[in-house]
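The values are calculated or read from the model by the stated rules, or taken from the named source; none is laboratory data. Model, not experiment: these values are computed from the prediction. Ideal geometry is used to build each Cβ from the backbone, glycine not excepted, and the neighbour counts take in all protein chains shown.
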Amino acid sequence: MFVSRRTCHRLKRRLQHYLDGELDKTTTVLVEQHLETCPKCRLEVSTYTRIKSALARGVGNDGTARDEALDHLMRFAERLTGSEGQTL
Ligand SMILES: [Zn+2]
């Protein structure tokens, strides 16, 4: 089985590429299969999705507001990532 904490670590490096649609088909399937079994990584996906939508909303608007929203969400994502291995 590839579902393990080690997989989580590898997946996190790929999540952003996955969300950007930059992964090859095989890797995309592996990511999606892991997400089905891992609530923790699903939470990260939803976080990155919010970051992306925040960025999208910020396009064409004031750059400062966009950066503040991004900073807030990135801190949230870092908290999630930083808790890896320390909880549960
Ligand atoms: Zn995971």
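Kindly provide the set of residues from the stretch 15-50 that are under 20 Å from Leu73 (Cα atoms), in contact (Cβ under 8 Å) with a residue 12 or more places away in the chain and within 11 Å of the ligand (Cβ to nearest atom), ordered by number. Scanning the stretch 15-50 gives Leu15, Lys40, Cys41, Leu43, Glu44, Val45. Restricting Arg10, Arg14, Arg6 to residues that are in a helix (DSSP H, G or I), closer than 25 Å to Leu55 by Cβ and modelled with pLDDT under 85 narrows the list to Arg10.
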